[in-house]
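Since every read-out is calculated from the coordinates, none of them should be taken as a lab result. This is a predicted model, so every value here is computed, not measured. Virtual Cβ from ideal backbone geometry, glycine too; neighbours counted across all protein chains shown.
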Amino acid sequence: MRETTLWSELEARLGPGYARAWAEQIVLTELDGRTVLEALAEGREGKAIWRAVCRQLELSADQV
C-alpha cells in the first residue's frame with residue numbers, strides 16, 4: 001500500500017481534519033508503541049501500518 005493510499009483511507013474513515021491528528025497522537029501497540037507517523041518515518045510498509053490501524057479501529061483490513 002502506498003503512503004498516499006494509506007492517508008486516503010485514514011481520511012475516509014476518520015475525516016480529513018482528524019486523520020492527521022489521530023496519526024500523530026495514537027500509539028499503536030502493534031507498531032511497537034509507535035504512531036502512524038513514526039512508523040512511516042521509520043520506513044515501515046504501508047500495508048502493515050494499515051493492518052494495525054484496522055485492528056485499532058476495529059475495521060476489516062480488506063475494506064481498501
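A Cβ distance below 6 Å, combined with a sequence gap of six or more or placement on separate chains, defines the contacts here; from segment 1-20, residues that are in contact (Cβ under 8 Å) with a residue 60 or more places away in the chain reach residues that are surrounded by 12 or more Cβ atoms within 10 Å (Cβ to Cβ) in the pairs Met1/Gly46; Met1/Lys47; Met1/Trp50. Scanning segment 1-37 for residues that are buried (at least 17 other Cβ atoms within 10 Å of the Cβ) and over 20 Å from Ser60 (Cα atoms) yields a single hit, Arg34.
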